[in-house]
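Here is the structure we will look at, set down as structure tokens.
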Amino acid sequence: MATFKAEFSKADSDRQSILKRMRECAAFTIPTILPGEHITQADDLLYSYQSLGADGVANLVNKLLVALFSPTVPWFRYAISQSALLEWQNTPELLVALEAALYAREHQIKAQLETTKYRPKMRNSLENLIVVGNALSKMTDDYTIHSYRFDQYVWKRSSDAELMWLITQEKKDMLQLSDEDISAAALSEVDKLDSDGKPKEIELYTK
């Protein structure tokens, strides 16, 4: 049975021509969205010596953020079902109380999301969507949002476009892993540190 890493590597190798085109798109707009393969923090990125592309992306992202996630009103609404409206039409005070409770809940969720600083993450996802045409975000149970670069996930869809599977690749510092994670991955004390005695980064694949 193939490991998640092997499945990721196979799917990633099959789309190298697509990645090449998308890296060219990023080079003409925002190179950090999809840097070249094996690029590290010490390497120079490709620059187009013009800001038209980046300015255009920023303009579109700002408009989308305001349209999708309004800073002044909740960008989702709770609605009372038709069956409840019919059942309680003779008790308007209950409907008023329910609407008030739903309104308060909307603002509570919005306030909780604001504490997670989701806007920068959604900005990153929208930049990816505009520049390379694809984006992936994951929301955890505590409303924390994680954004992935295009080269950090692979997927397969059926003939009718239904998602069959998706694999993400992340780099995790050993200090980020819990004792349960370390035990499940069968990592020894030797595996935790690099040659300089610093915590290692390991690759985490999730399907």
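Quick notes
- Of the solvent-accessible surface of the chain, computed with a 1.4 Å probe and all protein chains present, 57% belongs to carbon and sulfur.
- Calculated P(r) of region 112-167 - Cα pairs past 13 Å, %: 65 percent
- P(r) tail, region 87-207: Cα-Cα pairs separated by more than 19 Å, 69% of all pairs.
- Within straight-line reach of K20, meaning a Cα separation under 23 Å, sit the following lysines at least 8 residues removed in sequence or on another chain: K5, K10, K156, K171.
- Coupling constants for region 70-75 follow from the phi torsions by the Karplus curve (6.51 cos²θ - 1.76 cosθ + 1.60, θ = phi - 60°), and in residue order they are 4, x, 9, 10, x, 8 Hz; glycine and proline get x.
- For a straight C-alpha distance cut-off of 17 angstrom, the aspartates and glutamates reachable from K198 (same-chain residues fewer than eight places away being disregarded) are D173, E189.
- Qualifying chymotrypsin sites (Phe, Trp or Tyr not before Pro) for region 56-131 [loop in DSSP, other Cβ within 10 Å: at most 10]: F76
- The residues of region 75-207 expose, per residue, 68 Å² of accessible area to a 1.4 Å probe.
- Taken along the Cα-to-beta-carbon direction at a fixed 7 Å, the label points for S48 and D179 span 5.2 nm.
- For the chain, excluding the exposed loop sites themselves (GluC sites (Glu not before Pro), DSSP loop, at most 11 other Cβ atoms within 10 Å), the longest remaining stretch covers 38-161.
The values are calculated or read from the model by the stated rules, or taken from the named source; none is laboratory data. This is a predicted model, so every value here is computed, not measured. No Cβ is skipped: glycine too gets one built from the backbone with ideal geometry, and neighbour counts run over all protein chains shown. All accessible areas refer to the heavy atoms of the entire protein, side chains included, with ligands and DNA or RNA removed. Shrake-Rupley method; radii C 1.70, N 1.55, O 1.52, S 1.80 Å.
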